[in-house]
Amino acid sequence: MNLQNSLNFSGGPGALPENVLSQLSEEIIKVPGLGISVLGISHRSEWFAEVISELEDNIRALLGLNDKYHVLMLQGGATQQFSMVPMTLLRGKSTAAEYIQTGYWSGKAIPEAKLEGPIRIVWSGDSTSFKRLPTDDELCFSPDAPYMHYISNETVEGLQFQRVLGRNDVPRICDMSSDFLSKPCEFERFSLIYAHAQKNIGPAGITVVVVRDDLIEHSSGKLPSFLDYKTQAKAHSNFNTPPVFAIYAVLLVTRWLLNDIGGLKYMDQINRRKAELLYGLIDESDGFFQGRANTADRSLMNVVFKLPKPELERRFITESQAAGFSGLSGHRAIGGLRASIYNAVTIAAVEELMNFMDVFWRKSVRS
Ligand SMILES: *Cc1c(COP(=O)(O)O)cnc(C)c1O
């Protein structure tokens, strides 16, 4: 097995841009102008204060946010946000928070919220094996909910919303872990957005939380300081020792998005092209590659599919690895195959994957 970095289709931790990786590899030894390794720089240094401040500015610029929003870099992954959101907004409440259950990850958020207060599942895709998303007609939201929570892109099943859900008079909370910074969106319609870095924007270790002022004001002051958005906002993501390296890596990714790609509009064009290519091949394969998601709800980030026989899938994985590809197995919860085409996966890499798939298909049908 000789895997190639450029052919990493992993669901997460995912691919990162080559120029970011090479800059990081140099700076692990020595940051120019500083002379020491990025792994050994104090989080109380002036250098790191500048890193945080540039990263906050870059994320605000990419999302087009006004100054009512705080940008926080927190630890504990998206999973900690499954708890921090209801701790802040649901504890002690008698009206139900609303959750949309569209797949594996939204299903993980629900029991955590139940520990804090009442919840109502607005819609669940359970009975249709999470193969599609709800239409607007199927969603009835309450004006009294403390907040409404959903996941913009279900990473495991490969389902993605292309619209903003919910009411404008109820705080809208979204887990964007697997499509954050992949496309433009009306970000100011959200009260809180969270996205861990390790799918689309960096290494594991940090979660970006974009939160509007008024929501932070909700904080009761009775939460552990570490789990209180207010403390974290006041400390500019430097309340305790943060993962300096992971935060720096995300800064480099945001620079790449702004300077090399030209912003989310152009990132979206590239991402759409990649998805169009792969789904195109799947649709033209006479049922050999079988896409999982309802066509209209297909994710532009996670292309989930299977083959006619499990034995073929095993062969697909083995042969793809021998050809230098990695990360093409489906999530352990549902099996099958998955090509994650996050921001850093190039159109050229997708074309190489298509060549491989095309050859594999023709060979398997003949034999
Ligand atoms: C991977 C994933 C998670 C889990 O994130 P952790 O950082 O491992 O806690 C949550 N939500 C979504 C949408 C994911 O893709």
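The values are calculated or read from the model by the stated rules, or taken from the named source; none is laboratory data. No experiment lies behind these values; they were computed from the predicted model shown. Neighbour counts run over all protein chains shown; Cβ positions are idealised from the backbone, glycine included. Just the protein is used for accessible areas: all its heavy atoms, side chains included, with ligands, DNA and RNA removed. Shrake-Rupley method; radii C 1.70, N 1.55, O 1.52, S 1.80 Å.
Some notes on this structure:
- Here region 10-84 and region 341-360 have alpha carbon centers that stand 28 Å from each other.
- Heavy-atom accessible area per residue - the chain, 1.4 Å, Å²: 42 Å²
- In the chain, the calculated helix contribution to ellipticity at 222 nm averages -11000 deg cm²/dmol per residue, counting -39,500 (n - 2.57) for every DSSP H run with n ≥ 4.
- Length-normalised contact order for region 20-261 - Cα pairs under 8 Å, 6+ apart - percent: 24 percent
- DSSP-defined beta bridges in the chain - what % are antiparallel, rounded to 5: 60 percent
- Amide H contacts under 5 Å for GLU157: TYR104, restricted to partners 5 or more places along the chain or on a different chain, H placed in the peptide plane at 1.01 Å from N.
- The Cβ shell under 14 Å around GLU284 holds other residues with a net charge of -3, Lys and Arg each +1, Asp and Glu each -1.
- Region 263-366: relative contact order in percent, alpha carbon pairs under 8 Å with at least 6 residues between: 29 percent
- For region 146-199 versus region 277-318, the gap between their alpha-carbon centres in whole angstrom: 25 Å
- For ALA97, the residues whose amide H sits under 5 Å from its own are ILE119, ARG120, ignoring neighbours fewer than 5 places away on the same chain, with H placed 1.01 Å from N.
- Measuring between alpha carbons in the structure, the pairs from LYS183/LYS265; LYS108/LYS309; LYS199/LYS234; LYS68/LYS114; LYS309/LYS363 lying more than 18 angstrom apart are LYS108/LYS309; LYS199/LYS234; LYS68/LYS114.
- Figure legend: label point modelled 7 angstrom from the Cα of GLU18 along Cα→Cβ; residues of region 341-367 with amide N under 13 Å from it are 345-350.
- Label-point separation in nm, ILE36 to ARG315, each point 7 Å along Cα→Cβ: 5.6 nm
- Remark: the VAL359-ASP144 segment gains 71.9 nm on full extension, using 0.36 nm per residue and subtracting the alpha carbon distance.
- Label positions at SER83 and LYS131, each projected 7 Å from the Cα along the C-beta direction, are separated by 3.6 nm.
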